[in-house]
Amino acid sequence: MHSAMYPGSFDPLTFGHLDIITRASDMFDEVIVGVLDNYRKIPLFSVEERVNILKEATKDMKNIKVEAFSGLIVDFARQKNCNIAIRGLRAISDYEYELQMAQTNRLLSKGSLDTIFLTTSLEYSYISSSGVKEIAYFNGDVSKCVPEFVAELIYEKYRQQKR
Ligand code: PNS
């Protein structure tokens, strides 16, 4: 079986992420979306909430699995018996960080974890999770950036925070 993992924070899931997941699901028998539980960042959505959002958004794609992970990508990949990580590239500005991460992961895994980059579709190349949060915080329209149910959840989070 040819499987790949797609690690990320997904805080929140955007159409850019969904585009990468959809295209990866056509390329591999199985894609494991790894949702990072990052002790260094306080996310808008808890890791459980992000996993549930991803499960809901990918429920019609039968070869997508969504799981939380903490720690290193290489350890998660080893646990899952997976030797390909997928990452999206939106612009040249993403490249430096992504290259460094891909090379670090290859080194840490002693050559067993390679990274495949998919270029984000042009219509989503301007979208970032942090941009979405900023727009939503000020009640701006994020309907072009995230699925409707995700937009509702983000607005609700900020309504609760502002109370
Ligand atoms: O969606 P993001 O925030 O761009 O994803 C970043 C992510 C989760 C892929 C990255 O922070 C990560 O892999 N963290 C896990 C720790 C790790 O393995 N670091 C070594 C690679 S430099």
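Distance between the C-alpha centres of the stretch 64-80 and the stretch 11-42: 12 Å, rounded to the whole angstrom. Based on protein heavy atoms only, the chain ends up with 58 Å² per residue of surface accessible to a 1.4 Å probe. Have a look at 63, 111, 143 and report the one farthest towards the positive end of the charge dipole of the chain, computed about the Cα centre with Cβ charges (Lys/Arg +1, Asp/Glu -1). The Cα lying farthest towards the positive end belongs to 111.
So what is the diffusion coefficient of the stretch 35-126 in µm² per second by Stokes-Einstein at 4 °C and 1.567 mPa s, using a Kirkwood Rh over Cα pairs? After rounding, the answer is 87 µm²/s. Relative to the 2.2 N^0.38 Å rule of thumb, the stretch 108-163 has a C-alpha radius of gyration ratio of 1.59. Sorted into 5 angstrom bins from 0, the C-alpha pair distances of the stretch 68-121 split as 4, 20, 29, 23, 16, 7, 1 percent.
Remark on residue 69: its backbone amide H falls under 5 Å from those of 35, 36, 37, a criterion applied only to residues 5 or more positions apart or on other chains, H modelled at 1.01 Å from N.
Once the Cα-Cα distance is subtracted from the 0.36 nm per residue extended length, the residue 99 to residue 78 segment shows a gain of 5.5 nm.
For residue 116, the residues 5 or more places off, or on other chains, whose built amide H falls under 5 Å of its own are 85, 86, 87. Note that the stretch 148-153 has calculated 3J(HN,Hα) couplings of 4, 5, 6, 4, 4, 5 Hz, one per residue in order, obtained from phi through the Karplus relation 6.51 cos²θ - 1.76 cosθ + 1.60 (θ = phi - 60°); glycine and proline are x. Computed from backbone phi with θ = phi - 60° and the Karplus coefficients 6.51, -1.76 and 1.60, the 3J(HN,Hα) list for the stretch 83-96 is 10, 10, 10, 10, 9, x, 10, 8, 7, 4, 5, 6, 5, 4 Hz; x is used for glycine and proline.
Surface composition of the stretch 3-122: carbon plus sulfur atoms hold 51% of the accessible area, using a 1.4 angstrom probe and ignoring ligands, DNA and RNA. The ellipsoid that matches the Cα gyration tensor of the chain has semi-axes, each √(5λ) in whole angstrom, of 26, 16, 16, with the longest given first.
Only lysine pairs 8 or more places apart, or on different chains, with alpha-carbon atoms under 27 angstrom apart are counted in the stretch 3-122, and they number 10. Only helical runs count toward this figure. For the chain, summing -39,500 (n - 2.57) over DSSP H runs of n ≥ 4 and dividing by all residues gives -13500 deg cm²/dmol at 222 nm.
The values are calculated or read from the model by the stated rules, or taken from the named source; none is laboratory data. Given the structure is predicted, the values throughout are model-derived calculations rather than measurements. Cβ sites come from the backbone with ideal geometry, for glycine too, and all protein chains shown count toward neighbours. Ligands, DNA and RNA are stripped out before the accessible areas are found, and what is left, the full protein with its side chains, is counted by its heavy atoms. Shrake-Rupley method; radii C 1.70, N 1.55, O 1.52, S 1.80 Å.
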